[in-house]
Amino acid sequence: MRLFVALPLPEDARARLAALQSGVPGARWVDRDNLHVTLRFVGETDRHGAEELDAGLGSIRAPAFGLTLAGVGFFDRGRYAHTLWAGVEKPEPVAFLRDKIESVVVRAGLEPERRKFSAHVTLARLDDVPSVRLGPYIETRHGFSAGPYPMTRFTLFESRRGGDGVHYEPLAEYPLSGIT
């Protein structure tokens, strides 16, 4: 099982994000139904590992919050971009939740995440496009903003590859309580 923990997005947020998905030749755009904010990629695990993770995630207590999407950008390796993303405005509540999830994942025996957390929604994957070629895309979409959207739960997903692409299957949902 290939697992990850994420914030699912409501349909209106996914529609707004899907409107950003054009204008970059060769981009592999993420399917609209798969748009989400990844909190922790877990990777391959067996049924027992998934059950242990589920129990730990179920013990997390964190407040609900409003999520506002803002801006677009890219992750790169040197001069080459590999991921286009939409950002999260005021990501502190997302980072707070992510830190709680990270503690659970490490207690379940997985290695700690070494990369710095950056709250975002992946819009597309790129095959090492020179970063300078993304200037026009970024410039025409830099003012993007959508939300706030109420985040009242987070989800454990399984990533399944099929003949028609990748599908994310929700395995368990965990409530966030209260409003901040």
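The values are calculated or read from the model by the stated rules, or taken from the named source; none is laboratory data. All of these numbers come straight from a predicted model, not from anything done at the bench. Glycine gets a Cβ as well: all are built from the backbone with ideal geometry, and neighbour counts include every protein chain shown.
Key figures for this structure:
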| quantity | calculated |
| --- | --- |
| In region 114-129, the residues that are touching a strand residue (DSSP E or B) at 6+ places or on another chain (Cβ under 6 Å) and at pLDDT below 95 | 128, 129 |
| Condition broken by residue 76, with the remaining ones in (1) surrounded by 15 or more Cβ atoms within 10 Å (Cβ to Cβ); (2) among the acidic types (Asp, Glu); (3) over 20 Å from residue 135 (Cα atoms) satisfied | (3) |
| Residues of region 123-164 classified as surrounded by fewer than 12 Cβ atoms within 10 Å (Cβ to Cβ) and closer than 24 Å to residue 3 by Cβ, total | 4 |
